[in-house]
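Below is one structure, written out as structure tokens; the observations come after it.
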Amino acid sequence: MHIAKKRTSFLFAVAIQSFEHDDRRALNCVVLLLLELSTCDNGLPLTPNSIKILGRFQLLKTISHPRLCQYVDITRGKHERLVVVAEHYDNSLNDFQKMGQTVSPDRVLQIAYDALEGLDFMNKHGMVHRALSAHNVLMDGKGRVKLAKCGLYHMTDHGKDVDFPIGYPSYLAPEVIAQGTVHPTDSSQGDNLMPTGPKADVWSLGVLLFELCVGRKLLQNIEISEKLKFIITLGCMDDIVTVLAEEHGCLDAIKDLPKNILTLLRKCLTFLPSRRPTPADLLVDPVFEGVSCLYSPFQQPVSLFSSSLRCAHLELPEDIRQLCKGEDEDYLGERSIDEVYHLWCLAGGDLEKELTNKGIIQSKPPVCTPPNFLLEDGEAFGQGRDRSFLLDDTTVTLSLCQLKNRLKDVSGEAYYPLLEDEQSILSQSVSTNDLSCTSSLPLIIRERDTEYQLIRIVLFDRLLKAYPYKKTHVWKEARVDIPPLCRGLAWAALLGVEGDIQARYDTIDKDTPIPTDRQIEVDIPRCHQYDELLSSPQGHRKFRRVLKAWVVSHPDLVYWQGLDSLCAPFLWLNFNNEALAYACMSAFIPKYLYNFFLKDNSHVIQEYLTVFSQMIAFHDPDLSNHLNEIGFIPDLYAIPWFLTMFTHVFPLHKIFHLWDTLLLGNSSFPFCIGVAILQQLRDRLLANGFNECILLFSDLPEIDIERCVRDSVNLFCWTPKSATYRQHAQPPKAQGDGSNNGFGKTSTYYSTDYQDMPKSDLSREPLALSDLKAEVSPRISAEDLIDLCELTVGAQTKRSKTGKPKILAVDIRSIEDFGRGHISGSINIPYSTAFSPDGELVQCPATGILQSFRGRVIVIISHSMKSAAMFAEHLVKVNYPRVTTLDGGINKMKPTGLLTVPSPQI
Amino acid sequence: MKKNKGKINVTTEKEFVFKFKAGKSDCILNVPLQFPVQENVTDLHGRLMLLHKIPCFVENELKSTLSSFIERETIQDYDREAELALQRLTDGEVDINQLTNTWAKAYAETTLEHARPEEPSWDEDFADVYHELIHSSASDTLLNLEHNYFVSISELISERDMELKKLQERQAAEMDKVMQELGKSMTDHDVNAVASQHFDAQQVLENKWANELKHVTHIQKQEYQQWVIKLHQDMQNPNSTINEEIKVQPSQRTEESEQGARLYEEQQQLEESFTIHLGAQLKTMHNLRLVRADVLDFCKHRRHGSSGTKLRRLQTALSLYSSSLCGLVLLVDNRVNSYSGIKRDFATVSKECTDFHFPRLEEQLDVVQQVVLYARAHRSSKHKDQLEAPRNGCSNEDKNKNLERNSSNILPGEFYISRHSNLSEVHIVFHLCVDDNVRSGNITARDPAIMGLRNILKVCCTHDVTTITIPLLLVHDMSEEMTIPWCLKRAELVFKCVKGFMMEMASWDGGISRTVQFLVPQSISEEMFYQLSNMLPQIFRVSSTLTLTSKH
């Protein structure tokens, strides 16, 4: 084993500026971290440290507590530079010290209590601060403590991923010093460092409080090594507080302190860790008796998916008007910090630029800094240290001016849309016209439009908070588009995820080794690894857990390669919520990939592919003829498409747009996507032979995804529902299925599955695979025919005409049979006389009609399915699109009483 | 090999005991737990519930007991560990001074707050000034000046060549005379004496010229830098109009013949370009070029002020301090010098023109030599530390023996880097060490030379080298054993490895588009060249042309 370390660059962070809200909340940033690269020998690409940190960082976004600064984002810049965005306040404990005044004992107690609350909360989540210092303890507008930089130690894997020490010399606890730096330059004691425990923070806090009490900094103006030596030697002293006071000439100040403060200081500044209390111990200590009762403990808000009542703690003031008071029109300030940051980015915010302007990113020209010599394992020597690679611990405040300016025309109502009044959704805002203009623009542009996104985000946020009550409404809005910020939850809503998913996920055993582990282990490092999140070690870990959870909880199904790709979009969207990723995946698979993951899935896949090739013939006979001719059948290329629902072939950002629509459609929508992809490559496919096609598809060329979505929706509208009937599709849900009761989704023509419709005699009947394969064109059910031809059994018209394919029924029975009764509106082309020996249609009046209605859905009706299928095949051969046959033939129609006898003149 | 192998992982097992009542019976659950606990407490809890079929009415109780147990034990572990560390200090196992110095050093080296303020560096200031000037209207003047210096150096060189030639002719004549007299008035001994005398004379003359050249380049560099600084100052002062135009001095020498030769050479050069896509889902675009040329063609300047030359020169100058550099891989032997073979040829080319920005090649190599010695010392001390954990394989041992023999030599797969501002198309040269092994037919993807390429690409990534030229066959000259199958096999290996490395680099730099030029020796046949250019699109995914069709 060897770890070659190379210094490359660092990381740092920025924050966003003041909401100019009364509590002076601000987003800030900047921690510059120096990263090292490490190599490993396992043949896999090595993961840059910046990606490791980025992966570990994600968890911090979920750590919300009023005493901690909220982390918002991290971005990776060039040369391993990381910028962290977090909440920030301008005031810190430093301010007290600068003024050189002491702080009143009550205030000290309150600060101590606040800080301990924050620390305790972090400890509960398995983190320690390690970098406490006067300038990291911020004060919000109400004078309450906010701990900043609390995630540094966590995100750097206890300092292992960066080469600067974490913490500030004066505040380091003795045991931290004794354990040494993570990266001793002689590298001999190396990696066997235990991470620091929570008690080190208590020492640092003690030093901080001491400084507050005496009104000056400790150990200022001495060299670092002397400082550390001093701290270490405190171990021999009996009374550390007194020694410190003597050393700094402030014994009097200490003597005057009230007793409880002195006790607190002594407890914090206990040399031996085993005698020092933890933050949790201190919080219940009697010294805080007077303080703790003043504040109610923080309660974690209830998440959307949980078993407890979300409104359980909701208390409305007696006079509801009080809620509306004190609003100073800063609606933006009431949105959550990550929404604001998202909008800030959309409004042209650029972290790198912000930092460059402040002169924080300065780097030497690269030609001046290459190393002189590199060993075979990649260790570099002779490289000068570039200053820009040092930790820059400054915080830059990001200005919200630009964003506010962008949004100045957005009316207040837009921030609080009324959901109950259907009419009011978009119509009340002043900029209605603008918005309706915007919503007709391409999706990519809409996703970058600040105002539009603001309104969409606000709307979705409210709708999702009202989920599942507002499920129908979510569906409706999702048809317009889904704002990227809300996509994770919106998809969950579309998939109908409900219930206490976390508890369900927790009970699944994700640790015990199973035989599939090996395959999962092999697949994960090859799955969407261009993405920073998914390629981070944290990402891999989460991947493994979600996949294992799925495999374990679906004993009848197995892991097929491709499941990893399928998991990727869900994991990416819900990176901090594995349970939701798991729940979405578990809901997605039965809907779109029912039984695809059976151990023996060949019958399912074969049927699927056969239906797919029928769909190609239906929509594009020309292409279908060519592909069949050269033998380029779907089995050769389409299995990964459908098995992974295209996640294996597209990058994530395209999958999101594709799936936004896919999730709205039913389980036959993927066929249309497949056909749309083929059509985009149509010219090249038609021009090429088998080998070139194989090569072309071995690495799918760039696909214009927006066009693909548009085309597939279009194709979908032209496809009669029953044409994609599959015997192995998901069986209809049992009646009384909870999720569909009450506020069920709207059953529109397009979103319901064919399988979900009530079955009747007129529905399609299962067909053996070999029979299915023999037919080029799809069959449609009599039901569909009746529906599409507007034939009515009763008197009422069920649906308006719009939005349904136009249809032409072709009866190929003999003239006599036709005369005895046929479907009204159908034309008669007897099979026996229809085609000339060379396969062309014989010219006659009926074929003329056929010709003139080319492009409509053609339904072939016959006595026997065999002749209908043959006729359809002939039509496809001569490039008639949208040819179908009637399942069961004319016999199916007879009992309906819809056949008519022609009037004499025809 | 796992990264953490060397870790003395102190995991301890502790027994978690949980008692509960189910109906009338008392149940006890004993679970051995590994500390430090790696997994999530809720996961562990879920697993225990499942595994031991714990009734659900104790679920919450189990959870809280379990988490408080783990919390307590973890704190105890922390405390024990921390006090051990403190104990080591009081026992004197660890020296307190050394410890605190390490800390202080770590702070000083890695944080801006504690770092020593940076001393202003002449190089960087000059870099800024130059970068600004070359991107201003003054660029023309600068280039002309550079060209004039170049011309005077070339004249000096041709004078030197002339004088050397004369000397050689004179000596040859003298030698002839002596040889005729051999056996008559002269003995073998006399001949030897004359020969060594000639040799000495040559050496003296060469040294004289070398010193002369060195002197002139030194003066040129100084003058140039002063002039650039002055020009910059003048430019900043809007009142002074300086435009002392510098005209291109026409070179005195007639170069008709050379022009012809050059023309001929350029015809010899074959090249083919490809645009490729890398990546399974997210695709990044890169440019590849297959070139048949001499490796030094990328370094040599064309001798005369033809416009093409100047453009190329401008391009190189513009990007010198930018973030798109050009690199070249030069295959060298295991000694860091410039006495023989391609190294000597390269050194000659690098002297053809003064480097106004970076130290002369000899100086750079001297520094490299120092760094190599340092690196060896560093490695061997580290190696000693790791002796307790024996590293795999005896190959390392062999290597180390080799090293001990001559620690100033470098090993295959290692490379050193030199920087140049005076070469025609290259800023950074990677001198990659290869041995005779690359001539054999059976090298693999794990070969040191290939690993060297990987590291080179990584440096390209971290130092913004966006164009890199790689000898495709890992040789600069063809020899007899390099048959057609040999070439094809080698080319395939290098193509595939480079493709893999490029994909790997995409995760480092976020998929910046680069240009990779594959260089094949001038001596391969045209037919071979086209065979190689046919192979390339089979290995890399060549992006297909966009066909614009009108929609009917």
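Values in this text are rule-based calculations from the coordinates and carry no lab data. Note that the structure is predicted; figures quoted are calculated from it, not measured. When we count neighbours, we look across all protein chains shown, and the Cβ atoms used for this are built from the backbone with ideal geometry, even at glycine.
For the stretch B:12-110, the orientation-averaged shadow of the C-alpha convex hull comes to 9.1 nm² (one quarter of the hull surface). Neighbour counts of C-beta atoms inside 10 Å place B:TYR321, A:TYR295 in the sequence A:TYR295, B:TYR321, starting with the fewest. Counting every Cα pair in the stretch B:413-552, what percent are over 26 Å apart? When every Cα pair of the stretch B:413-552 is considered, 29 percent fall beyond 26 Å.
Placing pseudo-labels 7 Å out from each Cα toward the beta carbon at B:GLN531 and A:LYS773 gives an inter-label distance of 4.3 nm. Per-residue shielding of A:167-180, expressed as the average number of other chain Cβ atoms within 10 Å of the residue Cβ, stands at 5. Legend: mean number of C-beta atoms from other chains within 10 angstrom of residue C-beta atoms, peptide A:496-507, equals 2.
Phi-derived couplings, Karplus 6.51 cos²θ - 1.76 cosθ + 1.60 at θ = phi - 60°, listed residue by residue for the stretch A:338-344: 6, 5, 4, 5, 4, 5, 4 Hz, with x used for Gly and Pro. Each peptide in A:534-544, A:589-599 was scored by the mean count of other Cβ atoms within 10 Å over its residues; highest first, the order is A:534-544, A:589-599.
Taking packing as the residue-averaged number of other Cβ atoms within 10 angstrom, the listed peptides B:61-71, A:403-413 run from highest to lowest as B:61-71, A:403-413.
As a proxy for reagent exposure, ranking B:ARG313, A:ARG854 by other Cβ atoms within 10 Å from fewest up yields A:ARG854, B:ARG313.
In terms of the mean number of neighbouring beta-carbon atoms within 10 Å, the peptides A:775-787, A:470-482 order highest first as A:775-787, A:470-482. Amide H contacts for B:SER523 (H built 1.01 Å from N in the peptide plane; partners 5 or more residues away or on another chain; cut-off under 5 Å): B:MET478. Kirkwood radius for the stretch A:244-361, taken over all pairs of different Cα atoms as the inverse mean of 1/r, rounds to 21.0 Å.
Normalising the Debye intensity of the stretch A:774-900 to I(0), with uniform scatterers on Cα atoms only, and taking log10 at q = 0.15, 0.16, 0.22 Å⁻¹ returns -0.65, -0.74, -1.40. Each of A:LEU419, A:LEU343, A:LEU205 has some number of other Cβ atoms within 10 Å of its Cβ, and from fewest to most they run A:LEU419, A:LEU343, A:LEU205. Converting phi to 3J(HN,Hα) with the Karplus coefficients 6.51, -1.76 and 1.60 and the offset θ = phi - 60°, the stretch A:138-154 yields 8, 10, 7, x, 8, x, 8, 7, 10, 7, 9, 6, 6, x, 4, 5, 5 Hz in sequence order, with x at every glycine or proline. Going through the cross-link list A:LYS78/A:LYS358; A:LYS149/A:LYS654; A:LYS548/A:LYS773; A:LYS548/B:LYS24; A:LYS364/B:LYS105; A:LYS476/A:LYS591, which pairs have a Cα-Cα distance over 26 Å in this structure? The answer is A:LYS149/A:LYS654; A:LYS548/A:LYS773; A:LYS548/B:LYS24. The mean number of Cβ atoms from other chains found within 10 Å of a Cβ in peptide B:73-80 is 5, as a whole number.
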